[in-house]
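K.L.:
Have a look at the structure that comes next, please.
The values are calculated or read from the model by the stated rules, or taken from the named source; none is laboratory data. This one's a predicted model, so the numbers in the text were calculated from it and none came from an experiment. Methodologically, a virtual Cβ is constructed for each residue, glycine included, from the backbone with ideal geometry; neighbour enumeration extends over all protein chains shown.
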Amino acid sequence: MEDYMKKVIIIIVLLVVVLAIIIGYSGIFYSVTITEKEIGPFTMILQKHKGSYYKTGEIIDQVNAELKKVVDTTKLAGVGLYYDDPAKVKEENLRSECGFILGRTDLAKIGSLKTAFIIKDFKKTLCVMGEFPLRTFLSYMIGPSKVYPKLGKYANDKKYNVEYSVEIYDMQSKKILYCMPVINKK
C-alpha cells in the first residue's frame, strides 16, 4: 500500500509541475509594459457578438471558416473590438465585433463576404497599448487579466477617455496587442 501511495504522490507532483510549467510558459509571469503608439490604418472583416467575451473565439472561428474559402487566413492577424467593461455590464449584454485584419489584396478577393460580414476601417489612431506573448490557448485567458488593469490605470492617470478596446492576435509574431484608442482627454 505504501508503494501505491508513493506512486500516486509522485504522479500528482509531476502533474502539478507540468501544469505550473505550462501556465508559466503561457505568460503568467510576463511583465507588461504600457506604451502609447499610433496604430492603423487597416481594414477589418468582422462579425457582431453579444454575450460573454470568452465566446468571441467562436466568432473568429466562424469568420475564419468563411474567409478561408477565398483568402489564406493563416497569414492574417485576428482582431476583436470590445465595447463594454465586463466589470460594469452584465455578461449577456457585452458587445463585441471579431474577425480579421485584411490586406489590400485580400480585400479585393472577399467579394460576396462584404454583405455577410461587417467591413470596418480603423484609421491611424493614438492608443494606449500593452503587449502579451501568444504561446498557448491559456495566453488568451491570462493576457486580459494582466494587461487590462495596467491599461486602465495608465489611461486614468493620464486622464484619457477611452470608449472601447482593440485586441490584435498576431499569429506571425506570436503576440497579442491590447489597445485602447485615446478619444480625448477627460
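K.L.:
For V128, indicate whether it is farther than 15 Å from G78 by Cβ and assigned to a helix (DSSP H, G or I).
P.N.:
Taking the combined requirement at face value, the residue does not satisfy it.
K.L.:
Does D72 meet the test of being in the same structural domain as L126 (by TED's automatic domain parsing) and exposed (fewer than 12 other Cβ atoms within 10 Å of the Cβ)?
P.N.:
The answer is yes for D72.
K.L.:
Does any residue of segment 80-90 turn out to be modelled with pLDDT under 95 and basic (K, R)?
P.N.:
Yes - at least one qualifying residue is present in segment 80-90.
K.L.:
Across segment 27-61, what is the total count of residues that are of a type outside the set (K, R), more than 29 Å from D157 (Cα to Cα) and touching a helix residue (DSSP H, G or I) at 6+ places or on another chain (Cβ under 9 Å)?
P.N.:
7
K.L.:
Moving on to the next point. When segment 55-82 is examined, which residues are found to be within 25 Å of N93 (Cα to Cα) and without any contact (Cβ under 8 Å) to a residue 40 or more places away in the chain?
P.N.:
Scanning segment 55-82 gives K55, E58, D61, Q62, N64.
K.L.:
Within segment 42-63, identify whether any single residue is in a helix (DSSP H, G or I) and farther than 16 Å from Y140 by Cα, and answer yes or no.
P.N.:
yes
K.L.:
I've got another one for you. Any residue at all in segment 1-18 that's outside the structural domain of K123 (by TED's automatic domain parsing) and not in a helix (DSSP H, G or I)?
P.N.:
yes
K.L.:
Which ones in segment 1-44 are closer than 20 Å to K175 by Cα, at pLDDT 85 or above and among the aliphatic types (A, V, I, L, M)?
P.N.:
V32, I34, I39, M44
K.L.:
Any idea how many residues of segment 18-44 are without any contact (Cβ under 8 Å) to a residue 40 or more places away in the chain and surrounded by 10 or more Cβ atoms within 10 Å (Cβ to Cβ)?
P.N.:
So the count comes out to 6.
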